[in-house]
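Quick notes on the structure that follows.
No value in this document is a laboratory result; all are computed from the given coordinates. None of the values given here were measured: they were computed from a predicted structure. Neighbour counts run over all protein chains shown; Cβ positions are idealised from the backbone, glycine included.
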């Protein structure tokens, strides 16, 4: 894989978790220089370990040679100093957890230190790009770049245009995404955008169906998987996404629209309070080794 006609970019990815390390790996796979930023070296080490394991799987499946894998891994540098990392960035992709104030604090720093023509993107799956952009002096350069998990495999990037995002930023972000081999869908800046505005009520309704005793979790997943030709059932998918993430997004949708159809299933919230978050905690609707 190599850099495309958009040129080789200096990319900063903020957040070394599942989404952040996947985004970093994807940019590096296409020849871009990446700095992966997090608040601690331990978090960065975990993120780089996940990238190495992912690349090793590509080698095992003979989709990459060992030499190519090593080259990709070598394009990713780590940094705990956001200001230093962002000083020469051409594109920043923020991929921290879904808390608006945390994201705003990051964008305030980026506004101070990132070059004037740098695109400031957020991987948020539900939070208003317009509100994030409003804390900067250059809202026209702020955009949503919502990758799907697992990033190296999933083809979609949902791009969200804020109220002030200009045409040049939109066009450039679309071009960058397509040069990563992704297919782009553009959405307006409303709660949940398109992907989660449609997906989260489906998962929530599956949880309500279980909560109300209409069917077992296995039957709910079987009916939706085989009847609707989905790759996995909604409760299995919920465990994959993380039940805490689902509750957070449903709350954003409920607050943003004021519509009771987005009211989170009480069982979902109780499961999160009990630490049953899905695959990442070892138990959600199902148990995992």
Distance from the Cα centre of the range 14-77 to that of the range 132-146, in angstrom? 26 Å
For a footprinting-style exposure proxy, rank 109, 34 by other Cβ within 10 Å, fewest first. 109, 34
I need the shape label for the range 114-259. Rule: rounded when a/c is under 1.5, else prolate if a/b > b/c, else oblate, with a, b, c from the alpha carbon gyration tensor. prolate
Helix-only mean residue ellipticity at 222 nm, the chain, DSSP H runs n ≥ 4 weighted -39,500 (n - 2.57), per residue, nearest 500. What is it? -14500 deg cm²/dmol
Length-normalised contact order of the chain, Cα under 8 Å, at least 6 apart, in percent, tallies to 13 percent
Comparing 266, 234, 152 in a Gaussian network model of the chain (Cα, 10 Å), the one with the largest mean-square fluctuation is 266
The range 196-281 - percent relative contact order, Cα under 8 Å, separation 6 or more: 32 percent
Of all DSSP beta bridges located in the chain, what percent are antiparallel, nearest 5? 20 percent
Taking the Cβ of each residue in 126, 177 as the centre, tally the other Cβ atoms inside 10 Å and list the residues starting with the fewest. 177, 126
